[in-house]
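The values are calculated or read from the model by the stated rules, or taken from the named source; none is laboratory data. The shown structure was predicted, so the numbers you read here are calculated from the model rather than taken from an experiment. So basically every Cβ, Gly included, is an ideal-geometry build from the backbone, and we count neighbours across all protein chains shown.
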Amino acid sequence: MGRKTTAITLTSEEREYLKSQTRSRTIQAQTVCRARILLLKAEGVAIDVIADKVGINRCSVMLCLKKFKEGGVENALLDAPGRGRNAEITDDEKAWIINIACQKPVELRYSAEVWTRALLTKHINKVAEESGHIRLSTISQSKVRTILEEADIKPNKIKYYCRKRDPDFDQKMHNVLLVYKQLSMQFDEDGQLLPFAKDGQIVHVLSYDEKPGIQATANTSEDLPPDENHKTFSRDYEYKRLGTISLLV
């Protein structure tokens, strides 16, 4: 009986990345071969069969798999700059990746508003060689994610901010707050401030913007608590309308 074949484990992200490498026409042939080796081995194909399908010798297949076990997909696809050393991405190459991530996709002729890891990696692979960063033409999504996390950059997220556009905002804010304060005070007919009586009437001031047509709704089912399959409370999408209300002065 022949020796049992053991498959390697790839994440769905790594599998999609390797498939994209096998379809690419701009990367080196040896990189395509190595990507095919990893995909075939992930399916449990024997080493001899892989060598026959890819068209290389058995030793080359074993070397590729050995590099994968030592350093993952990146290590298996890229040639190390020297014997015994893993391929490394330089600070200049990391800065180039970060610079791209800090641009909006629409500025580079994509329809997306923000980057996804897949789209960002695809763009890096596409333009890396012509930009003088050949090794980045095969960089994976996981490596791009690591570089961005180290730089604490999240190009897939948007955080809102409020820009201070009115140079007189502080003075206007002071005047409004002063009005609120005056409403809680009592004055006589001559406009003189009356002292607060210990047993006097307490004045509460409520300020809000006018908002007509606020929709009043109610749930049709009870919220479900978190369980082993759901990390948050679950709420039914359906609801019933209870009409509208308006906040007016």
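Structure above, values below:
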{"item": "Sole exception among (1) over 18 Å from the mean Cα position of the chain (by Cα); (2) at pLDDT 85 or above; (3) surrounded by 16 or more Cβ atoms within 10 Å (Cβ to Cβ) for Arg135, by number", "result": "(2)"}
{"item": "Selected residue [at pLDDT below 90, within 20 Å of Glu14 (Cβ to Cβ) and not basic (Lys, Arg)] from Ala87, Ala118", "result": "Ala87"}
{"item": "Pairs, first within 15 Å of Arg135 (Cα to Cα) in region 20-34, second of a type in the set (Phe, Trp, Tyr) and in a helix (DSSP H, G or I), C-beta under 9 Å, six or more apart", "result": "Arg34/Phe68"}
{"item": "Criterion violated by Met1 - all others in (1) among the aliphatic types (A, V, I, L, M); (2) surrounded by fewer than 17 Cβ atoms within 10 Å (Cβ to Cβ); (3) modelled with pLDDT of 85 or more; (4) part of a loop (DSSP other than H, G, I, E, B) satisfied", "result": "(3)"}
{"item": "Test: residue in region 94-108 that is charged (D, E, K, R), assigned to a helix (DSSP H, G or I) and either in the same structural domain as Arg15 (by TED's automatic domain parsing) or touching a His at 6+ places or on another chain (Cβ under 6 Å) (or both)", "result": "no"}
{"item": "Failed item, numbered, when Lys231 is tested on (1) of a type in the set (Lys, Arg); (2) modelled with pLDDT under 85; (3) in the same structural domain as Ala112 (by TED's automatic domain parsing)", "result": "(3)"}
{"item": "Test result for Val203, modelled with pLDDT under 80 and at negative phi", "result": "yes"}
{"item": "Every residue from region 109-162 that is hydrophobic (A, V, I, L, M, F, W, C), free of Cβ contacts under 8 Å to residues at least 40 places away in the same chain and part of a loop (DSSP other than H, G, I, E, B)", "result": "Ala112, Ala128, Cys162"}
{"item": "Top-ranked residue of region 49-81 - restricted to ones that are of a type in the set (Val, Ile, Thr) and assigned to a helix (DSSP H, G or I), ranked as surrounded by the fewest Cβ atoms within 10 Å (Cβ to Cβ)", "result": "Val49"}
